[in-house]
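Please read the structure below before turning to the comments.
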Amino acid sequence: MQKVSDIMTTEVISFKPDTDISEAAKQLLENRINGAPVVDEAGKVVGILCQSDLIVQQKRFPVPSFFTLLDSVIPLVSQKHFEKEMEKMAAFKVSQAMTEKPVVVSPDTTLEDVAALMVDKKLHTLPVVDSGKLVGVVGKEDILRTLMP
């Protein structure tokens with residue numbers, strides 16, 4: 001049974017939380033990757049930045065949805081969610097646009113488990129962590145390569 005360690009990329013492109021958004025976008029495009037882990041000074045994964053996190057900057061300003069009931073205004077989206085969306089739209093640094101607390105896998109995770117995570121949670125790139133440190137990434141393309149003879 002194949003494991004993540006058999007197919008993961010070990011030369012990882014990663015970002016620091018204070019990396020400029022324009023530099024991160026450039027790196028994703030130049031390296032033709034969908035996303036990259038965000039690591040702190042100790043090498044701990046603190047987030048992941050994907051193309052979709054950057055594309056949100058091109059969205060139209062979201063007008064919060066709400067309804068009224070007995071003269072009360074009730075929001076349909078939480079204030080925290082709205083604020084996070086606005087922060088992503090106006091992001092200058094990776095920390096403002098990244099997805100925090102990303103799903104991570106270990107080198108011993110089976111490919112079947114990785115495939116299930118990717119499909120069930122609609123993920124494209126998963127950081128690989130061993131003893132709390134980033135050691136690689138595994139993406140959908142890595143999984144697809146295993147299907148080739």
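Overview of values
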| read-out | value |
| --- | --- |
| In the range 118-149, the residues that are assigned to a strand (DSSP E or B), of a type outside the set (Gly, Ala, Ser) and either closer than 17 Å to Arg32 by Cα or in contact with a strand residue (DSSP E or B) (Cβ under 7 Å, 6 or more places away or on another chain) (or both) | Thr125, Leu126, Pro127, Val128, Val129, Leu134, Val135, Val137, Val138 |
| Selection count, the range 116-126, where residues are surrounded by 14 or more Cβ atoms within 10 Å (Cβ to Cβ) and more than 9 Å from the chain's Cα centre (by Cα) | 2 |
| Any pair with Cβ under 6 angstrom, 6 or more apart, that starts in the range 1-14 at a residue that is closer than 12 Å to Asp142 by Cα and ends at one that is open to solvent by less than 50 Å² (accessible area, probe 1.4 Å) and among the acidic types (Asp, Glu) | Ile7/Asp142 |
| Filtered residue count, the range 127-149, keeping only those that are farther than 14 Å from Leu111 by Cα, touching a residue at least 24 places away in the same chain (Cβ under 8 Å) and surrounded by fewer than 18 Cβ atoms within 10 Å (Cβ to Cβ) | 4 |
| Verdict on Pro17 being closer than 18 Å to Leu123 by Cβ and modelled with pLDDT of 65 or more | no |
| Restricting the range 91-115 to residues that are part of a strand (DSSP E or B) and in contact (Cβ under 8 Å) with a residue 60 or more places away in the chain, the residue that is surrounded by the most Cβ atoms within 10 Å (Cβ to Cβ) | Val105 |
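The values are calculated or read from the model by the stated rules, or taken from the named source; none is laboratory data. All values reported here derive from a predicted model rather than from experimental measurement. So basically every Cβ, Gly included, is an ideal-geometry build from the backbone, and we count neighbours across all protein chains shown. All accessible areas refer to the heavy atoms of the entire protein, side chains included, with ligands and DNA or RNA removed. Shrake-Rupley method; radii C 1.70, N 1.55, O 1.52, S 1.80 Å.
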